Structure formats: structure tokens, C-alpha cells
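First the structure, in the form of C-alpha cells, and then the observations on it.
Just so you know, all these numbers are worked out from the coordinates, no wet-lab data involved. All values derive from a computational prediction rather than experimental measurement. All Cβ positions, glycine included, derive from the backbone under ideal geometry; neighbour counts span all protein chains shown.
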Amino acid sequence: MESMSACGVGDAAARGVGGAPGGAGRWAVGAVCGGLVYYHCVVRRASAVSLAADVLLVLLCSLSILGLLFRHLHISCVLPPLAPSSLFTPLYPMNFTGP
């Protein structure tokens, strides 16, 4: 029996039955990203710091435009409250008794 993930998609569909999961998509994303890095660093003769700054600027602008669009269309994203993850559990013990 296949288990269902949080999205309601079975494991077989997530694995991509019949082939490698996302093989063509990964190649396409890799080719586009590689081409953009090549253009930025080789053709424009810009530094990697400039590339990182440009990527950060594009991400921030995209998130702000999406935020304005969501606010305009009255779309709300309900997020669960933050809980300590297993990574930070040793730093923040729940049952601290003190010295």
C-alpha cells in the first residue's frame, strides 16, 4: 500500500513512475541557470558578488510584488505557529530545571 503525502499525492506519482523524477525539468532549470551565470560573469564581465546582489534584488522585488498582489486580491496564507524544531531543541530545552 502506498502512503499518501501531505499534498495527497501517492509515492509512485512523486517518484515519477516510468522514468527519472524530474529529469528533463532539472536539465532545463540547470541549463537556464548556467546560461544566466555564464552571461553575467563572462559576457558582461561582472563579479560573482554582483551576480549575488542581482539575484537578491530580483527575489526581493518578486516577493514584494507577490505580497502586493495577495493583499489586493485579499488572499491570506494561514501559517502554523512556530514550534522548536529538532535542530534547535538542544539549544532550547523544554524542561529546563536550572542549576
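Quick notes on this structure:
- Counted residue by residue at 0.36 nm each, then reduced by the alpha carbon distance between them, the extension gain from ILE75 to LEU63 reaches 2.9 nm.
- Oblate is the label for the stretch 22-72, because the ratio a/c of its alpha-carbon gyration tensor axes (a ≥ b ≥ c) is 1.5 or higher and a/b is not greater than b/c.
- Across the stretch 71-79, coupling constants 3J(HN,Hα) worked out from phi with the 6.51/-1.76/1.60 Karplus curve, θ = phi - 60°, read 5, 5, 8, 6, 9, 10, 9, 7, 10 Hz, and Gly and Pro carry x.
- Sites ALA46 and ARG26, calculated FRET efficiency, Cβ-Cβ separation with R0 22 Å, nearest 0.05: 0.25
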